[in-house]
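Asker: Below you'll find the structure I mean.
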Amino acid sequence: MFDSRTQSVQHQLSDHGLVYKCTMSQFKRIFEVNLSPLGEVAEGLHPVSRIFDTPIGPLAAVAAQFDRGEFNTHWHDWGQMAFSIDRVLSVSTEEGFWVVPPSRAVWIPPLKKHAFHIRTPLELRTLFIEPVLAESLPDHCCVVQPSCLLTEIVGRLLEYPVNYGPDSPQSRLAAVAIDELKVAPRTPLHVPKP
């Protein structure tokens, strides 16, 4: 949660999803970026490996609550499916602008520059997908309608450690999550840049 009045961040990260609360300075260190006085994330590559303090499997789920703020243009080395539990999320890229209502998710391929625009308090869920698995998914941003099964899998993955083996329950859930994301219907909630 960004709080521009106190300059603190409650962004909880660990092998079990949301466990560790951090200050603004710790947040800067974790993401290897500088934050502006308004709590904005600076442009740059945000490696997924820096989000977690342990080796991770091919999919990793993160949940965080944000008051409001701007995640300025940045990118990850992994693909990212992001959605809000109860609010509208806005995402922009060089190609355009996506409006993501609570019943939808945005798919962002690896290394795609993007920015999040958080206008009201929301709970954000993100599923990071390693580049090899992301190759089977669209090579462009799009809004998808995740199945109930997919959103429940993301919730379940938040309960497990992120450093799982190939024959673990997490790896089986990860395989189903990829299958569900591949067939998720696309929705035209995109405004192209002129």
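Asker: Does residue 106 satisfy the condition of being touching a strand residue (DSSP E or B) at 6+ places or on another chain (Cβ under 7 Å), over 18 Å from residue 61 (Cα atoms) and open to solvent by less than 10 Å² (accessible area, probe 1.4 Å)?
Answerer: So residue 106 fails the test.
Asker: Return the pair list, or none, for Cβ contacts closer than 7 Å from residues in the range 73-94 that are farther than 21 Å from residue 151 by Cβ to residues that are part of a loop (DSSP other than H, G, I, E, B) and open to solvent by 50 Å² or more (accessible area, probe 1.4 Å), at least 6 apart or on different chains.
Answerer: Listed pairs, sorted by first residue: 73/43; 73/113; 74/43; 75/111; 75/113; 77/111; 93/113; 94/113.
Asker: Further, regarding this structure: Would the range 90-100 turn up any residue that is closer than 29 Å to residue 164 by Cα and modelled with pLDDT of 80 or more?
Answerer: Among the residues of the range 90-100, not one is closer than 29 Å to residue 164 by Cα and modelled with pLDDT of 80 or more, which makes the answer no.
Asker: Scan the range 75-92 residue by residue and report those that are crowded, with 19+ Cβ neighbours inside 10 Å and either aliphatic (A, V, I, L, M) or at positive phi (or both).
Answerer: Residues satisfying the conditions are 81, 82, 89, 91.
Asker: Next question, about the same structure. Sort out which residues of the range 151-186 are within 16 Å of residue 108 (Cα to Cα), open to solvent by less than 80 Å² (accessible area, probe 1.4 Å) and either out of contact with any Pro (no Cβ under 9 Å at 6 or more places or on another chain) or of a type in the set (Phe, Trp, Tyr) (or both), and write them in order of number.
Answerer: Within the range 151-186, 177, 185 qualify.
Asker: For the structure I just gave you, tell me whether residue 82 is among the small types (Gly, Ala, Ser) and modelled with pLDDT under 90.
Answerer: No.
Asker: Could you check the range 130-167 and list, in sequence order, the residues that are more than 23 Å from residue 189 (Cα to Cα) and touching a strand residue (DSSP E or B) at 6+ places or on another chain (Cβ under 8 Å)?
Answerer: The answer is 130, 131, 133, 155, 157, 158, 159, 162.
The values are calculated or read from the model by the stated rules, or taken from the named source; none is laboratory data. Everything quoted here is computed from the prediction, not taken from an experiment. Glycine gets a Cβ as well: all are built from the backbone with ideal geometry, and neighbour counts include every protein chain shown. Remember, those area values only see protein heavy atoms, side chains included, never the ligands or the DNA or RNA. Shrake-Rupley method; radii C 1.70, N 1.55, O 1.52, S 1.80 Å.
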